[in-house]
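> The following block contains the structure, expressed as structure tokens.
The values are calculated or read from the model by the stated rules, or taken from the named source; none is laboratory data. A quick note: this is a predicted structure, and the numbers were derived from the prediction, not measured. No Cβ is skipped: glycine too gets one built from the backbone with ideal geometry, and neighbour counts run over all protein chains shown.
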Amino acid sequence: MAATASYLNIKHQSGRWLLRIDDIDAPRVISGSQDRIFRQLEAYGFEWDRTIIQSERVALYQDAFNQLERQQLTYGCDCTRLTIQERVGQKIIYDQHCRSRQLPYSDRHAIRIKTPDQPWRWQDAIQGLQNFDWEKQLGDFIIKRADAIWAYHLVAAVDDSDDGITEVIRGADLLTSTAPQQYIQTCLQRPSPSYAHHPILLDQKTNIKLSKASQANAIKADEAINNLFLVLSFLNQQPPPELMQGSINDIWQWAINHWSLDKVNAIADQGA
């Protein structure tokens, strides 16, 4: 879904579409998964202009961390999810417990970033004006895990602001990730791209996003035309039925020429 929406939005503007391989969390990377991603995207007719592989960019994440550290925005934390939960209750929002403890950086401590006192506001290109309250929604968040792996918000913030990237389109399940990532970009004095979060497909029984994590069936190469048609329909692009009888190239050509983010906005407004 996110691949299709982001691809169409940028290709409609004759821009460059970049493919990012999120493999920074090495213990969770499945052998051969990168090749499978490439083959699957190719089978569905995607053409990307450059590949960003996170595991090859560790030095960039270290540089970003060094900048944050020089600004005295980082600190060590030895709290576990359990200890935080015991202090703050079921909804785990970090309570700044370690902010003033001056713990040394070590292989036993995560590293957090100090967040602002004021709410964070931004305009999402699909979901509209957003207001993020740090104290109620997140607290000081981790930028480097206790196992020495760079955390998602740091690497995404660096990747999204790198090499002239101007637009990020992804699922609405990542809407609350925007504030911490924009905040990091601001601290690093980097530009923030525009962000747009499209509605997501949910399992009708569990109301959980259809994905690997929810054990949804993998998409199949021989169902590419049908699946692309269904995605275009879900995104409210109103593809004509005759596209089902055409080729992959036919459906992409029509979709790029007729792409409308306003139509996606309409279903977001309806709460899809």
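> Which residue pairs have Cβ atoms closer than 6 Å, lie 6 or more positions apart in sequence or on different chains, and pair a first residue in segment 237-262 that is of a type outside the set (Val, Ile, Thr) with a second residue that is not in a helix (DSSP H, G or I)?
Taking only residues 6 or more apart or on different chains, the pairs are 252/45; 259/12.
> If I filter segment 140-150 for residues that are under 17 Å from the mean Cα position of the chain (by Cα) and within 22 Å of residue 4 (Cα to Cα), do I get at least one hit?
Within segment 140-150, the subset under 17 Å from the mean Cα position of the chain (by Cα) is 141-143, 150.
Remaining after also requiring within 22 Å of residue 4 (Cα to Cα): none.
Scanning segment 140-150 turns up no residue that is under 17 Å from the mean Cα position of the chain (by Cα) and within 22 Å of residue 4 (Cα to Cα).
> Sticking with this structure for a sec: What pairs can you find where one residue is in segment 79-103 and in the same structural domain as residue 135 (by TED's automatic domain parsing), the other is exposed (fewer than 10 other Cβ atoms within 10 Å of the Cβ) and basic (Lys, Arg), and their Cβ atoms are less than 9 Å apart, with a gap of 6+ or different chains?
Here the result reads 85/91; 92/81, each pair linking segment 79-103 to a residue that is exposed (fewer than 10 other Cβ atoms within 10 Å of the Cβ) and basic (Lys, Arg).
> If you go through segment 124-141 one residue at a time, how many are surrounded by 17 or more Cβ atoms within 10 Å (Cβ to Cβ), of a type in the set (A, V, I, L, M) and out of contact with any Leu (no Cβ under 9 Å at 6 or more places or on another chain)?
1
> Select from segment 87-108 the residues that are surrounded by fewer than 10 Cβ atoms within 10 Å (Cβ to Cβ) and at pLDDT 90 or above and list them in ascending order.
100, 102
> Being part of a loop (DSSP other than H, G, I, E, B) and within 17 Å of the chain's Cα centre (by Cα) is the filter here, so list the residues in segment 1-28 that pass it.
Of all residues in segment 1-28, those part of a loop (DSSP other than H, G, I, E, B) come to 1, 12-17, 22-25.
Matches in segment 1-28: 1, 17, 22, 23, 24, 25.
> Determine the pairs where a residue that is assigned by TED's automatic domain parsing to the domain that holds residue 71, located within segment 172-190, has a partner that is of a type in the set (Phe, Trp, Tyr) and surrounded by fewer than 19 Cβ atoms within 10 Å (Cβ to Cβ) with Cβ atoms under 8 Å apart, the partner being 6 or more residues away or on another chain.
178/122; 179/122; 182/122
> Now, a different point. Could you tell me which of the residues 2, 26 is in the same structural domain as residue 233 (by TED's automatic domain parsing), touching a residue at least 60 places away in the same chain (Cβ under 8 Å) and surrounded by fewer than 13 Cβ atoms within 10 Å (Cβ to Cβ)? Lay out the reasoning, then the answer.
Details: 2 fails: surrounded by fewer than 13 Cβ atoms within 10 Å (Cβ to Cβ).
So the residue among 2, 26 that is in the same structural domain as residue 233 (by TED's automatic domain parsing), touching a residue at least 60 places away in the same chain (Cβ under 8 Å) and surrounded by fewer than 13 Cβ atoms within 10 Å (Cβ to Cβ) is 26.
> If I ask for residues that are within 24 Å of residue 251 (Cβ to Cβ), of a type outside the set (Ser, Thr, Tyr) and either surrounded by 15 or more Cβ atoms within 10 Å (Cβ to Cβ) or in contact with a helix residue (DSSP H, G or I) (Cβ under 6 Å, 6 or more places away or on another chain) (or both), which ones from segment 39-67 would you list?
Selection gives 40, 41, 43, 45, 46, 48.
> Let me ask you something else. Could you list, in sequence order, the residues of segment 201-228 that are in contact with a Leu (Cβ under 8 Å, 6 or more places away or on another chain) and either of a type in the set (Val, Ile, Thr) or at pLDDT 95 or above (or both)? If you could, list the steps in order and put the result at the bottom.
From segment 201-228, those in contact with a Leu (Cβ under 8 Å, 6 or more places away or on another chain) are 201-203, 208-210, 216, 225; that's our starting set.
208, 225, listed by residue number.
> Sticking with this one: Determine if segment 104-111 includes at least one residue that is assigned by TED's automatic domain parsing to the domain that holds residue 167, under 20 Å from residue 181 (Cα atoms) and in contact (Cβ under 8 Å) with a residue 12 or more places away in the chain. If you could, list the steps in order and put the result at the bottom.
Residues of segment 104-111 that are assigned by TED's automatic domain parsing to the domain that holds residue 167, as a first pass: 104-111.
After this cut, where a residue has to be under 20 Å from residue 181 (Cα atoms) as well, the list is 110-111.
Filter once more, so that each one left must be in contact (Cβ under 8 Å) with a residue 12 or more places away in the chain: 110-111.
Yes.
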